[in-house]
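Novice: Here it is: the structure, laid out below.
The values are calculated or read from the model by the stated rules, or taken from the named source; none is laboratory data. This is a predicted model, so every value here is computed, not measured. In this analysis, Cβ positions are derived from the backbone assuming ideal geometry, glycine residues included, and neighbour counts consider all displayed protein chains.
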Amino acid sequence: MPTHLAQKYGPWAIIAGGSDGVGAAFAHELATRGVNIVLVARRAPVLESFADDIRAQHDVEVRTVALDLSAAAAMSELERITADLEVGLFVYNAGSDDYSTEFLDKDLNNHLSLVHRNCTSVLEATYRFGAPMVARGRGAVVLLTSGAAWAGGATHATYGATKAFDLILAESLWAEWHPKGVDVLSLVLGATDTPSLHRALGARATSRADLADPADVAREALDHLADGPTWLFGNENPTGGSPFGSIDRRDAVLAMSRGTAGTDTATARH
Ligand SMILES: NC(=O)c1ccc[n+]([C@@H]2O[C@H](COP(=O)([O-])OP(=O)(O)OC[C@H]3O[C@@H](n4cnc5c(N)ncnc54)[C@H](OP(=O)(O)O)[C@@H]3O)[C@@H](O)[C@H]2O)c1
């Protein structure tokens, strides 16, 4: 059931990585609930076409910002472009790694770019857009993370490390901002049916029956914005701890490396 998110948090939401997959699902769900949206992505034609779809289906305003979240000035640019808006919600969605390889088999610049998009820009987004929320005493921030954050494993060194950064950042900000009226949610996903997952898994993705629906992810996350710090989508205990429980970290890393750690951990680590 639609909630009054705009009244509770503010009239505008930014979705960083909002033109396909989980980000697009957040856009539809936020628009359904009456929130105006700023969509950020790199491919301008895809972004504009998706924004037109949202405008056609929902009675909200939509702005598009074509920029690369891996670029050094991305967040200062986004802050400048949206300076006239009251941004009450920020969903930092972009974060997948389309191809897992061993650490040294990937170009160093690819690693650095992933770290910038998944860590530096996330930190900047929470700092730049979180400060006005805290000052107003209302707002919500969602950081997307992954089962890859629970333990290290072969072929997801940098990706997993960035997702652990996002998990801890969101949990820490929840601890600081929850008493000040700002909800922060660290949203842990397992394998979810998105273009990015299909690029990562190829034909293996189409044969899988266990993929989460992005629409369900967005709906559930927005229903539980106030239930942070951490929400494990698809888990029978969504506010619970690591699915690895108390097992030795070495065993967790070995299980993650073999891809035997379950759908919400190793098989979701892209
Ligand atoms: N899908 C899964 O199975 C899964 C599993 C666990 C966790 N997650 C997490 O869930 C989140 C969403 O995943 P997803 O599968 O929907 O795909 P995603 O590739 O993380 O996000 C796709 C969206 O982000 C944009 N984007 C990607 N890189 C960008 C960049 N450098 N600058 C600006 N925009 C960028 C894309 O548009 P452009 O390409 O046009 O830029 C698109 O709009 C991620 O944080 C991921 O780590 C996903």
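Novice: Anything in segment 127-145 that is of a type in the set (S, T, Y), over 12 Å from T230 (Cβ atoms) and buried (at least 24 other Cβ atoms within 10 Å of the Cβ)? List them, or say none.
Specialist: Passing the criteria: none in range.
Conditions (1) more than 28 Å from R204 (Cα to Cα); (2) out of contact with any strand residue (DSSP E or B) (no Cβ under 6 Å at 6 or more places or on another chain); (3) modelled with pLDDT of 95 or more, marked per residue:
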{"position": "V65", "(1), (2), (3)": "yes, no, yes"}
{"position": "S76", "(1), (2), (3)": "yes, yes, yes"}
{"position": "E79", "(1), (2), (3)": "yes, yes, yes"}
{"position": "N93", "(1), (2), (3)": "no, no, yes"}
{"position": "D105", "(1), (2), (3)": "no, yes, yes"}
{"position": "V115", "(1), (2), (3)": "no, yes, yes"}
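Novice: Select, from T158, T194, T162, the only residue that is modelled with pLDDT of 95 or more, of a type in the set (S, T, Y) and under 19 Å from P229 (Cβ atoms).
Specialist: T162
Novice: Okay, next question. With segment 1-71 as the region, which helices (runs of 4 or more DSSP H) entirely inside it contain at least 1 residues that are touching a residue at least 40 places away in the same chain (Cβ under 8 Å)?
Specialist: 5-9, 21-32
Novice: Can I ask one more? For segment 213-244, enumerate the residues that are at pLDDT below 95 and hydrophobic (A, V, I, L, M, F, W, C).
Specialist: If the condition is that a residue be at pLDDT below 95 and hydrophobic (A, V, I, L, M, F, W, C), then F244 is the only one that fits.
Novice: Go through segment 213-238 and report how many residues are of a type in the set (G, A, S) and within 16 Å of T145 (Cα to Cα).
Specialist: Summing the residues that are of a type in the set (G, A, S) and within 16 Å of T145 (Cα to Cα) in segment 213-238 gives 4.
Novice: A further question follows. With the condition kept exactly as written, say whether any residue in segment 207-217 is in a strand (DSSP E or B), in contact with a Phe, Trp or Tyr (Cβ under 9 Å, 6 or more places away or on another chain) and surrounded by 14 or more Cβ atoms within 10 Å (Cβ to Cβ).
Specialist: yes
Novice: Would you point out which residue out of G190, G259 is within 10 Å of the ligand (Cβ to nearest atom) and touching a Ser or Thr at 6+ places or on another chain (Cβ under 7 Å)?
Specialist: Result: G190 is the single residue among G190, G259 that is within 10 Å of the ligand (Cβ to nearest atom) and touching a Ser or Thr at 6+ places or on another chain (Cβ under 7 Å).
Novice: When segment 81-92 is examined, which residues are found to be part of a loop (DSSP other than H, G, I, E, B) and closer than 10 Å to I14 by Cβ?
Specialist: T82, L85
Novice: Identify the single condition in (1) of a type outside the set (D, E, K, R); (2) within 10 Å of the ligand (Cβ to nearest atom); (3) touching a Ser or Thr at 6+ places or on another chain (Cβ under 8 Å); (4) at pLDDT 95 or above that A200 does not satisfy, given that it satisfies every other one.
Specialist: Evaluating A200 over (1) of a type outside the set (D, E, K, R); (2) within 10 Å of the ligand (Cβ to nearest atom); (3) touching a Ser or Thr at 6+ places or on another chain (Cβ under 8 Å); (4) at pLDDT 95 or above leaves (4) as the failure.
Novice: Can you confirm whether segment 227-249 contains a residue that is assigned to a helix (DSSP H, G or I) and out of contact with any Lys or Arg (no Cβ under 9 Å at 6 or more places or on another chain)?
Specialist: yes
Novice: Looking at this structure, is G147 within 15 Å of F233 (Cβ to Cβ) and either within 8 Å of the ligand (Cβ to nearest atom) or under 18 Å from the mean Cα position of the chain (by Cα) (or both)?
Specialist: Criteria met by G147.
Novice: Next up: From S121, S113, S96, grab the single residue that is small (G, A, S) and not in a helix (DSSP H, G or I).
Specialist: Unique residue meeting the criteria: S96.
Novice: May I ask you to verify whether G160 is of a type outside the set (S, T, Y), crowded, with 18+ Cβ neighbours inside 10 Å, within 13 Å of the ligand (Cβ to nearest atom) and assigned to a loop (DSSP other than H, G, I, E, B)?
Specialist: No, not satisfied.
Novice: Return the total of residues in segment 49-99 being β-branched (V, I, T), more than 17 Å from V141 (Cα to Cα) and within 12 Å of the ligand (Cβ to nearest atom).
Specialist: 2
Novice: To continue, here is another question. Take H111 and decide whether it is touching a residue at least 12 places away in the same chain (Cβ under 8 Å), within 15 Å of the chain's Cα centre (by Cα) and within 24 Å of L187 (Cα to Cα).
Specialist: Taking the combined requirement at face value, the residue does not satisfy it.
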